[in-house]
Amino acid sequence: MSGKRPTLADVAHRAGTSTAVVSYVLNNGPRPVSELLRVKVIRAIDELNYRPDGRARALRRPRRWQQIGLLVPDLTLPLFGEFVGRIEVEARARHHLTLIGNTGYDPERELEFVTAFAEVGVDGLLVVGAVNAPHTANLCRRERIPVVWMHNIRGAIETDIIGVDHVHAGELIARHLLDIHDCRDVAFVGGVTAGDVRHGDRETVQQRFEGVASVVGHSLPHIRTDLTPAGAYGAVAEYLHGSAPPQAFVVGTYGQTAATIRAIADAGLRIPGDIRVVGFDGAAADYGRLRLTTVQQPVDVLAREALGRLLGDSPRADDGFVPTLRVGETCGCAASPTG
């Protein structure tokens, strides 16, 4: 074979059959194919690394729209909502419709969505926060669906991940507390194991914890939660009831920060006068009584890079993706006179 993309005719020639039979195998009909011939066709597809031409399929669709699949673990969380919104805009600008699957951190549901997307005939798949990466990768490989991974994954596969360095993000927030506010007594809020967290982004929290610990020391107190607001409120309230308050809390996810702040207030303590609170992610515009100090991800840049890699229509970024510190008031910077 030459360097050109394999065609349906190439597969038929390799399998010793007709293009119609190859089409029946690829589309599971409309006519039956013997198991022996099906095996020959599938072997030829594998040997040639054949993938259906998305451009040809697009010609059969109204308005020439193509389709991509997008999997996210929890649409109710602000970060994943931001990713979905930005990816949908970027995809539509490239004449791609976005089919969204909300997996709920359920490995089986993740596979169900991938199977459904394959049946629909998506031209590519973006997976944000995969919880079943090895099986999802194998299914995409069998179905010849290009896939790009974002944010973080659960399970070991050899792949690039479009995302920031969360260990570095933890270092950034801890370094700010230490260098600017001389905070050495810091506690971390968030679960990191399967025992702590049934449904949640424990991999990312683990990496952020490692980053904070590398700065403040590995004796860092760890308040384990299930990553829900209710879990964070209960764990922080219990910690404050039984221990002297630390100088600062680092909260592992944005979804737990409001609950942590409420638990501190209900304990009769002030932010940042008695305890500083810092975290990760969150909206750029923060209209709380005190503006939260967080380390944020460049969502727009990440979404644009992911779509570019999936569709092959933009240069690949080689300089990585850098989280940035957004200084608010909850850390003690620019605090209001009322504290």
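The values are calculated or read from the model by the stated rules, or taken from the named source; none is laboratory data. The structure presented is a predicted model; accordingly, all values stated were derived computationally and were not measured. Note: ideal-geometry Cβ built from the backbone for every residue, glycine included; neighbour counts use all protein chains shown. Areas reflect the complete protein model, heavy atoms only, side chains present, ligands, DNA and RNA absent. Shrake-Rupley method; radii C 1.70, N 1.55, O 1.52, S 1.80 Å.
Observations
- Total residues in segment 198-212 satisfying the condition of being open to solvent by less than 60 Å² (accessible area, probe 1.4 Å), touching a residue at least 40 places away in the same chain (Cβ under 8 Å) and either part of a helix (DSSP H, G or I) or charged (D, E, K, R) (or both): the figure is 9.
- Consider segment 303-320 and keep the residues that are closer than 19 Å to Val147 by Cβ and outside any helix (DSSP H, G or I). The one that is modelled with the highest pLDDT is Gly312.
- Qualifying residue in segment 294-302 (condition: on the phi < 0 side of the Ramachandran plot, over 21 Å from the mean Cα position of the chain (by Cα) and either at pLDDT below 90 or in a loop (DSSP other than H, G, I, E, B) (or both)): no
Yes or no, residue by residue, for (1) at pLDDT below 95; (2) among the hydrophobic types (A, V, I, L, M, F, W, C); (3) under 22 Å from the mean Cα position of the chain (by Cα); (4) crowded, with 18+ Cβ neighbours inside 10 Å:
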| site | (1), (2), (3), (4) |
| --- | --- |
| Val215 | no, yes, no, yes |
| Leu220 | yes, yes, no, yes |
| Glu238 | no, no, no, no |
| Gly252 | no, no, yes, yes |
| Ile264 | no, yes, no, yes |
| Ile275 | no, yes, no, yes |
| Phe280 | no, yes, yes, yes |
| Ala285 | yes, yes, yes, no |
| Gly288 | yes, no, no, no |
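- Test: residue in segment 240-247 that is buried (at least 24 other Cβ atoms within 10 Å of the Cβ), touching a strand residue (DSSP E or B) at 6+ places or on another chain (Cβ under 9 Å) and over 25 Å from Leu70 (Cα atoms): no
- Filtered by the rule that a residue be open to solvent by 50 Å² or more (accessible area, probe 1.4 Å), in a loop (DSSP other than H, G, I, E, B), closer than 14 Å to Tyr50 by Cα and not hydrophobic (A, V, I, L, M, F, W, C), segment 1-35 gives Ser2, Gly3, Lys4, Arg5, Thr7.
- Val128 being under 19 Å from the mean Cα position of the chain (by Cα) and surrounded by 15 or more Cβ atoms within 10 Å (Cβ to Cβ): yes
- Being part of a loop (DSSP other than H, G, I, E, B), in contact (Cβ under 8 Å) with a residue 12 or more places away in the chain and out of contact with any Ser or Thr (no Cβ under 9 Å at 6 or more places or on another chain) holds for only one residue in Leu178, Leu220, and it is Leu220.
- Residue list for segment 181-197, filter: free of Cβ contacts under 8 Å to residues at least 60 places away in the same chain and either exposed (fewer than 15 other Cβ atoms within 10 Å of the Cβ) or assigned to a helix (DSSP H, G or I) (or both): Asp182, Thr193, Ala194, Gly195
- Residue in segment 151-162 that is of a type in the set (Gly, Ala, Ser) and modelled with pLDDT of 95 or more present: no
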